[in-house]
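Chemist: Mind looking over this structure? Questions follow.
The values are calculated or read from the model by the stated rules, or taken from the named source; none is laboratory data. Computed from a predicted structure; not experimentally measured. Every residue, glycine as well, gets a Cβ built from its backbone with ideal geometry; the counts of neighbours run over all protein chains shown.
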Amino acid sequence: MPPAPVFAGRESVLEQEWLDDGTADRFLLDAAGATLVVFVAPDCGNCRLARERLPGMNLPVRRLAWIDAADNRGLVERYEVFHLPSLYLVRDGVFYGAVNAKLEAADIGRQVALALQSYPAELP
């Protein structure tokens, strides 16, 4: 799996994991706290921007879980990903849905707070 992203010459303060079709469910079900699941692709310019910016942001989540959309079609279909990058929120094994936000900490923070007020569901 790719190395953890580096932001502005320093390691991220957020935990980071690369997940795939075989590891995502177990990891997300067992992970304590909030996880921002981020679908990216290597040939996507906005995804590269997300990989550079998200790790250095002060976000209300414990970790980032990266998923390569090009290699994990099963997860892409289950999460109904239709644009990249796509962000989703999972907390304590419970799915809170898509986080539709600009790649800015304040906007992501607001959308995470709104998502946590919604009715949770099982993982897709």
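Chemist: Which of the residues belonging to segment 77-98 are of a type outside the set (Phe, Trp, Tyr), over 18 Å from Arg51 (Cα atoms) and touching a residue at least 24 places away in the same chain (Cβ under 8 Å)?
Modeler: Arg78, Glu80, Val90, Arg91, Asp92, Gly93, Val94, Gly97
Chemist: Scan segment 56-71 and give yes if some residue there is touching a residue at least 60 places away in the same chain (Cβ under 8 Å), farther than 16 Å from Ala41 by Cβ and of a type in the set (Val, Ile, Thr), otherwise no.
Modeler: No, segment 56-71 contains no residue that is touching a residue at least 60 places away in the same chain (Cβ under 8 Å), farther than 16 Å from Ala41 by Cβ and of a type in the set (Val, Ile, Thr).
The rows are residues; the columns are (1) farther than 21 Å from Leu123 by Cβ; (2) among the small types (Gly, Ala, Ser); (3) part of a helix (DSSP H, G or I).
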site: Asp25; (1), (2), (3): no, no, yes
site: Val37; (1), (2), (3): no, no, no
site: Asp71; (1), (2), (3): no, no, no
site: Val76; (1), (2), (3): no, no, yes
site: Lys102; (1), (2), (3): yes, no, no
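Chemist: Right, something else. Within segment 73-93, is there a residue that is basic (Lys, Arg), surrounded by fewer than 18 Cβ atoms within 10 Å (Cβ to Cβ) and at pLDDT 95 or above?
Modeler: yes
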